[in-house]
1. In region 1-88, what percent of the accessible surface is made up of carbon and sulfur (1.4 Å probe, ligands and nucleic acids excluded)?
2. Explain nothing, just compute: Karplus ³J(HN,Hα) = 6.51 cos²θ - 1.76 cosθ + 1.60, θ = phi - 60°, for every residue of region 61-69 in order, whole Hz, x for Gly and Pro.
3. Tell me which residues come under 5 Å, amide H to amide H, from GLY48 once H is placed; ignore anything under 5 positions away on its chain.
4. Excluding ligands, DNA and RNA, what is the solvent-accessible area per residue of the chain at a probe of 1.4 Å, expressed in Å²?
5. Quickly estimate the mean residue ellipticity at 222 nm for the chain, helices only: each DSSP H run with n ≥ 4 gives -39500 (n - 2.57), and the total goes over all residues, rounded to 500.
6. Which whole-Hz ³J(HN,Hα) couplings does region 74-79 yield from phi under the Karplus relation 6.51 cos²θ - 1.76 cosθ + 1.60, θ = phi - 60°, glycine and proline marked x?
7. What would the Debye equation give as log₁₀ I(q)/I(0) for region 41-93 at q = 0.13, 0.14, 0.29 Å⁻¹, counting only Cα atoms as equal point scatterers?
Amino acid sequence: MKKTLSREQWLNLVIEHFRPDFKRLGRPLPKRVRASTGWPRGRGAAIGQCWMAETTADKNPQIFISPVLHGSARVIDVMVHELIHASGIRDHK
């Protein structure tokens, strides 16, 4: 029987896949980045959101990816966008 990854496990694999790229670009990711599927909070119909380390109880960035997204390429696209924020870039310029 083939083992199926949970959404959270899959998202964590995406983070680890891109970790070397962020390091190479001089924007290393924090040692621990939490990721989950959930409803982002705030204005509009956000499809992803990064809560910066200083805003979380355990001081680790936490990323939420909307469960309405489908297709691995789109989810990865949103995850990379949120990882940019987790690397310390807060704005969208």
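1. Carbon-and-sulfur percentage of accessible area, whole number: 58.
2. The phi angles translate into x, 10, 10, 10, 10, 4, x, 7, 6 Hz.
3. SER66
4. 70
5. -12000 deg cm²/dmol
6. With the stated coefficients, region 74-79 comes to 5, 5, 4, 4, 5, 4 Hz.
7. The calculated log intensity ratios at q = 0.13, 0.14, 0.29 Å⁻¹ are -0.31, -0.36, -1.20.
The values are calculated or read from the model by the stated rules, or taken from the named source; none is laboratory data. What you see is a predicted model; the values in this text were computed from it and never measured. Each accessible area value is taken on the protein alone, full model and side chains, heavy atoms only, with ligands, DNA and RNA left out. Shrake-Rupley method; radii C 1.70, N 1.55, O 1.52, S 1.80 Å.
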